[in-house]
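Worksheet for the structure shown next.
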Amino acid sequence: MTKLLLAVHVLAAIVAIGPVTVAASMFPPAARRALAAPDDARASETVRLLHRICQVYAAVGLAVPVFGFATAGAMGVMGDPWLIASIVLTVLAAGVLLVLVLPRQEVLVEGTGARETTVRLAMFTGVFNLLWATVTVLMIVRPGSTTGA
């Protein structure tokens, strides 16, 4: 059962978190293009699409910690420091996405943002991506790993 839970957890992370990180990273430059050419319908549609991808996959991403907790429980590692650090970083990443990234994207989708908004958004998106990269590394190179890596 542990292997199944771990497989679902990893697949959920790839399928859900991957698209959010890519779409969120693509959003600021796309928003700059849309701001520079307000009459370009294609640029506006791209911004809307990237924002929608971020919203939908953020919701799907809730499966990652759900299966992560189930996997950690089955493996008996709930109190391990690397897991606690991963949980804290995951909560921070979710907070950055929900409080700092998605609202700024929404402002730009509505057409009320400025170039400065895209600059801040790019910074927050970078922080979000860095947090997820750190969690990924902790999951792979966890201290006390039985894989010998």
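Just so it is clear, none of the values below were taken in a lab; they were calculated from the coordinates. Because the structure is predicted, anything quoted here is derived from the model rather than measured. Using ideal geometry, Cβ is built from the backbone for each residue, glycine included, and neighbour counts are taken over all protein chains shown.
Things worth noting here:
- Ratio Rg/Rh [Cα only; Rh per Kirkwood] for segment 1-86: 1.20
- With K and R counted +1 and D and E -1, the other residues having a Cβ less than 14 Å from that of GLU116 yield a net charge of +4.
- Rounded to 10°, Cα long-axis angle of helix 41-60 versus longest principal axis of the chain: 20 degrees
- Net charge of Cβ neighbours under 12 Å - reference ALA34; Lys, Arg +1; Asp, Glu -1: +1
- Calculated P(r) of segment 50-149 - Cα pairs past 16 Å, %: 62 percent
- Relative contact order %, the chain, counting alpha carbon pairs below 8 Å whose residues are six or more apart: 31 percent
- For the listed peptides 60-67, 108-115, a ranking on the average number of other beta carbons within 10 Å per residue, highest first, reads 60-67, 108-115.
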